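Working notes, beginning with the structure itself.
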Amino acid sequence: MSIKANTLRPRFWESVHLNDMNDAEWEALCDGCGRCCLQKLEDEDTGAVHTTDVACVLLDTSNCRCTHYAKRQSLVPDCLNVRPLDDDKLRWLPKSCAYRRLSEGRALADWHPLVSDDVNSVHAAGIGMAGRCISETLIPLHELPQRLVEWGDE
């Protein structure tokens, strides 16, 4: 997705509340890491969310971009729409996620493309999932518990 610079207020993430961001600002917050597109499992006893290295069928695992972003929620009904953001949705987002960081009162990371001015910085920092995950089309559902991962860089 291409964001026109003239629709973004300068360093908006430092002064504009998430709920008050325009659509372009909201979309620009996504760092393109692909972590929200990884399959997650919830522990029924504790409610803890565990991440796998298995990506949604729509995620291009080579560049961490959704292949059908505009239609993702009709194509994948359980795709998490984080806007509006609430506490339940937050727990499904990685700790590195800009939406979660800002919601928790933390600043964007230095590797975030809005800070670094480099769209590839998320991958250079080892946060992006490009080349680090596999499509769900290649993994049977019953194998998801064996695919749990902790990236250790959040």
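Data for the structure
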| item | result |
| --- | --- |
| Derived scalar couplings ³J(HN,Hα) [the range 21-34; Karplus, 6.51 cos²θ - 1.76 cosθ + 1.60; whole Hz; x for Gly, Pro] | 6, 6, 4, 5, 5, 4, 5, 5, 5, 5, 8, x, 6, x |
| Net lengthening on full extension, Ser62/His17 (0.36 nm per residue, minus Cα-Cα) | 13.0 nm |
| Long-range HN-HN contacts of Ala55 with modeled amide H, under 5 Å | Gln39, Ile134, Ser135, Glu136 |
| DSSP-assigned coil residues among chymotrypsin sites (Phe, Trp or Tyr not before Pro) in the range 16-100, each with at most 16 further Cβ atoms within 10 Å | Trp92 |
| Stokes-Einstein translational diffusion, the chain - Kirkwood Rh over all Cα pairs, 1.002 mPa s, 20 °C, in µm²/s | 132 µm²/s |
| Alpha-carbon centroids, the range 95-154 and the range 51-89: separation in whole Å | 13 Å |
| The range 16-152: relative contact order as a whole-number percent, Cα under 8 Å and 6+ apart | 35 percent |
| From phi via Karplus (6.51, -1.76, 1.60), per-residue ³J(HN,Hα) for the range 46-51 in Hz, x at Gly/Pro | 9, x, 5, 9, 10, 9 |
| Under 15 Å from the Ser135 label point (7 Å along Cα→beta-carbon), backbone N, the range 41-72 | 54-69 |
| Dipole of the chain [Lys/Arg +1, Asp/Glu -1 at C-beta], most positive-end residue of Leu85, His50, His123 | His123 |
| Built amide H within the under 5 Å cut-off of Arg65, gap 5+ | Asp60 |
| Loop-located GluC sites (Glu not before Pro) in the range 57-146, at most 15 other Cβ atoms within 10 Å (DSSP) | Glu104 |
| Calculated from backbone phi, Karplus (6.51, -1.76, 1.60) coupling profile of the range 62-68 in Hz, x at Gly/Pro | 7, 10, 6, 10, 6, 6, 9 |
| Distance (nanometres) between label positions extended 7 Å along Cα→Cβ at Glu104 and Ala70 | 3.4 nm |
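No value in this document is a laboratory result; all are computed from the given coordinates. Since the model is a prediction, treat every value here as computed from it, not as a measurement. Note that we place each Cβ from the backbone using ideal geometry, even for glycine, and neighbour counts take in every protein chain shown.
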